[in-house]
Each structure stands twice: as C-alpha cells, then as structure tokens.
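The values are calculated or read from the model by the stated rules, or taken from the named source; none is laboratory data. Being a predicted model, the structure only gives us computed values, none of them experimental. Please note: Cβ atoms are built from the backbone with ideal geometry, for glycine as well, and neighbour counts cover all protein chains shown.
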Amino acid sequence: MPLLGDWSPEARITTKFGRNILIPFDEAKDKFFSGGALFLDARTPELYEKGHIQGARSLPIGEFDQLADKVFMDFPEATLFVTYCDGGNCVLSAELALRLKEIGYENVRVLHNGWSLWKSHQLPFMGGDEQGN
C-alpha cells in the first residue's frame, strides 16, 4: 500500500522545524542582491572552500559551538540569516537554523538545496578555481 502525503525534503523540513523556516529561492536571491541577509553555509569547511555563495560565511553545524562567536555574533539580532547546504536530502542547514533559534535569533530561514540551486542559476559565488558573477 502506498504512503499518502508529501514526503519531499521540503515537506519533511517544514514538518520537523516549522512552517516558516524555508525561504523561497526568489526571495533568497532578492535578499542577496539587496544585502538584506547574511548567508551561512552549513557544509564542511572543505566543501565551503570548493565553492560557496558569494559573501557567505562558513558555519558547519559540527563546529557551531567553536565558531559561532567569530561568524555571526557581530550582527544585530534582527539580521536575517539564511542557512544552506547542498542536496535534496541535506538537513544540515535546517539543523543550523534550529541552533540559531535556540540561542535567540528568530529571523532565520533555510534555503533548501541552496548550493545546487545557486550554481544552477549562475548566481555570484566564490571558491575553487572558479568565480561566478
């Protein structure tokens, strides 16, 4: 018997972390170009170095406690943080968003499959041997 319901990664993230946690791609893109958000890359430092959204800061979920002060504590509480990782099944960005909310930041959103979406739309990025503008 087939299971009914929406089992997409987006639906699973929304169910687990809350309705307003996801940011639509177009909204994230608008926030990027207006300077209205700080993007946080939840992937490993190695993947961040290979390529990341231009201006994003690296904050791997496994190193949150050691790096948080250096990465984002100089930003006001009202700052919009957009977390991202890569791949349809990646939940690192949602876990990072939850950690931010746990320490008091409320304006936190997740760009699901962010890195792949960003690159596929040929938006500004840094890292590796390439740089996109």
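Applying the selection to the range 109-129, what residues are more than 17 Å from P45 (Cβ to Cβ), of a type outside the set (K, R) and surrounded by fewer than 19 Cβ atoms within 10 Å (Cβ to Cβ)?
S116, L117, S120, H121, Q122, L123, P124, D129
Any residue that is under 10 Å from the mean Cα position of the chain (by Cα) and in contact (Cβ under 8 Å) with a residue 12 or more places away in the chain - is there at least one of those in the range 115-132?
Restricting attention to the range 115-132, the residues satisfying the condition of being under 10 Å from the mean Cα position of the chain (by Cα) are 115.
The next check asks that each one be in contact (Cβ under 8 Å) with a residue 12 or more places away in the chain; those that pass are 115.
Yes; the residues of the range 115-132 include at least one that is under 10 Å from the mean Cα position of the chain (by Cα) and in contact (Cβ under 8 Å) with a residue 12 or more places away in the chain.
Would you pick out the residues in the range 65-85 that are in contact (Cβ under 8 Å) with a residue 40 or more places away in the chain and either buried (at least 20 other Cβ atoms within 10 Å of the Cβ) or of a type in the set (A, V, I, L, M, F, W, C) (or both)?
Initial filter on the range 65-85 (in contact (Cβ under 8 Å) with a residue 40 or more places away in the chain): 79-85.
Residues satisfying the conditions are L80, F81, V82, T83, Y84, C85.
Can you name every residue in the range 80-110 that is within 20 Å of G36 (Cα to Cα), in a loop (DSSP other than H, G, I, E, B) and at pLDDT 90 or above?
Those that are within 20 Å of G36 (Cα to Cα), in a loop (DSSP other than H, G, I, E, B) and at pLDDT 90 or above: L80, C85, N107.
Are any residues in the range 28-38 touching a strand residue (DSSP E or B) at 6+ places or on another chain (Cβ under 8 Å) and charged (D, E, K, R), and if so, which ones? Walk me through it before giving the result.
So in the range 28-38, the residues touching a strand residue (DSSP E or B) at 6+ places or on another chain (Cβ under 8 Å) come out as 28, 31-32, 37-38.
Across the range 28-38, the qualifying residue is only K31.
Collect the residues in the range 22-64 that are over 11 Å from the mean Cα position of the chain (by Cα), buried (at least 17 other Cβ atoms within 10 Å of the Cβ) and basic (K, R), keeping them in residue-number order.
Across the range 22-64, the qualifying residue is only K31.
Mind checking whether some residue in the range 11-33 is outside any helix (DSSP H, G or I), modelled with pLDDT of 90 or more and over 24 Å from M126 (Cβ atoms)?
Here is the first cut: in the range 11-33, the residues outside any helix (DSSP H, G or I) are 18, 22-24.
If we keep only those that are modelled with pLDDT of 90 or more as well, we get 22-24.
Okay, now just the ones that are also over 24 Å from M126 (Cβ atoms), so 22.
Scanning the range 11-33, I find at least one residue that is outside any helix (DSSP H, G or I), modelled with pLDDT of 90 or more and over 24 Å from M126 (Cβ atoms), so the answer is yes.
Test L98 against the stated conditions and say whether it is of a type in the set (A, V, I, L, M, F, W, C), out of contact with any Lys or Arg (no Cβ under 8 Å at 6 or more places or on another chain), closer than 15 Å to I23 by Cα and surrounded by fewer than 20 Cβ atoms within 10 Å (Cβ to Cβ). Reasoning before the result, please.
Numbers: of a type in the set (A, V, I, L, M, F, W, C): yes; out of contact with any Lys or Arg (no Cβ under 8 Å at 6 or more places or on another chain): yes; closer than 15 Å to I23 by Cα: yes; surrounded by fewer than 20 Cβ atoms within 10 Å (Cβ to Cβ): yes.
Yes: the conditions hold for L98.
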